[in-house]
Amino acid sequence: MSTRLYSILTTAVLLLAILLPPLARAQNASQQLAAASVLETIKKRGAIRVGLSTFVPWAMRNKNGELIGYEIDVAKQLAEDMKVKAEFVPTAWDGIIPALLAGKFDVVIGGMSITPERNLTVNFTQPYANSGIHLVANKELAAGFKSLEDFNKPDVVLAVRRGATPATAAKRLMSKATLRQFDEDALALQEVLNGKAHAFITSTPTPAFEALKHPDKLFLPIPEPFVQGAEGFALRKGDPDALNFFNNWILLRQQDGWLKERHDYWFKTRDWAAQVAE
């Protein structure tokens, strides 16, 4: 063997000796990260636990007490594609992120709008739905109101769901008004129907649906949503494999039209209304 060839081989051996340990450590770390993913927990359990909070038409109870709605369809299809069962964990909205972080469920699929504040605590997938924030008003109390400025007055009372994005929007855009917060959309809406609040602020399409259901008491003073939103799955930080899987699932279900078809059914029709008690 020539001196030059021997030198080349020696250098190669030394490089391998230097590079292999870090490469092995990196591979091992990658394997440990994958093993720690919630995806592995879901596969071993044979079920995906989904956190949600009930509000129309995202998730609600039908006349038999069963959960139905856009989120329910999404979670069930996701579970079917993963070849596992879907288990739902209804949770109060203002406690849903703490419950996720505590491991009470694997993911939030509950119409949660992506916001910077929430994103500091949880990771969001790409949007799987796009909604907006709108308001429906009491015909008598809000007679003549036609703009947000009309509602932005100290003597105006606004009803909102506690901890939800519409509540944050109301505080920002109508800061002079009095805000009354409720744990459920139904309670906030009832405040307006009873004439104790000027308007109920929530996600679309609820305001339009409620105005149609109660034409004698409610109306839409502002024709279009005044805030646009985007909703994503929320999951615990530090899990790139789960984030990658959910993102790709959303992408594929957008491309094949399934998400749009389900979204249009729940948000653009009332074909499902007979399933729900008035």
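All of the numbers you see were taken from the coordinates with simple rules; none came from a lab. Owing to the predicted nature of the structure, the values given are computational and were not obtained by experimental measurement. Ideal geometry is used to build each Cβ from the backbone, glycine not excepted, and the neighbour counts take in all protein chains shown.
Using per-residue counts of other Cβ atoms within 10 Å, averaged over each peptide, order 72-82, 177-187, 155-165 from highest down.
With the highest mean Cβ count within 10 Å placed first, the list reads 155-165, 72-82, 177-187.
Think of it as helices only: each DSSP H run of n ≥ 4 in the chain is worth -39500 (n - 2.57), and spread over all residues that comes to -13000 deg cm²/dmol at 222 nm.
Full extension of the chain between residue 130 and residue 104 gives 6.7 nm of extra length, using 0.36 nm per residue less the Cα-Cα distance. Each Lys or Arg adds one and each Asp or Glu takes one away; over the other residues whose Cβ falls under 14 Å from the Cβ of residue 39, this sums to +1. Multiplying the residue separation of residue 224 and residue 149 by 0.36 nm and removing their Cα-Cα distance gives an extension gain of 25.5 nm.
On the beta carbon distance between residue 208 and residue 45, with R0 = 45 Å, the FRET formula returns roughly 0.70.
Here r is the Cβ-Cβ distance between residue 181 and residue 273 and R0 is 30 Å; the resulting FRET efficiency, rounded to 0.05, is 0.65. Would you please classify the overall shape of segment 133-228 from the alpha carbon gyration tensor, given that a ≥ b ≥ c denote the square roots of the eigenvalues, rounded means a/c under 1.5, and beyond that prolate means a/b larger than b/c while oblate covers the rest? It comes out rounded by the Cα gyration axes. Among the listed pairs 85/268; 63/139; 146/268; 63/171; 83/104; 146/176, those with a Cα-Cα distance over 26 Å are 85/268; 63/139; 63/171.
Cross-link pairs exceeding 21 Å between alpha carbons, from the set 153/213; 217/260; 44/76; 76/213: 153/213; 217/260; 76/213. Qualifying GluC sites (Glu not before Pro) in segment 85-162, where qualification requires a DSSP coil assignment and no more than 11 other C-beta atoms within 10 Å, comprise 140. Under 1.5 on a/c is rounded, so check that first for segment 71-131, then, if it is not, pick prolate when a/b is larger than b/c and oblate when it is not; a ≥ b ≥ c are the square roots of the alpha carbon gyration tensor eigenvalues. Note, shape of segment 71-131 comes out oblate. If the chain linking residue 36 and residue 62 were pulled fully straight, counting 0.36 nm for each residue of separation and taking away their Cα-Cα distance, it would gain 5.7 nm. Considering only 52, 114, 244, and ranking their Cα positions along the charge dipole of the chain that arises from unit charges at the beta-carbon of Lys, Arg, Asp and Glu, the one farthest toward the positive end is 244. Once you reduce segment 80-117 and segment 164-241 to the center of their Cα atoms, the two points are 20 Å from each other.
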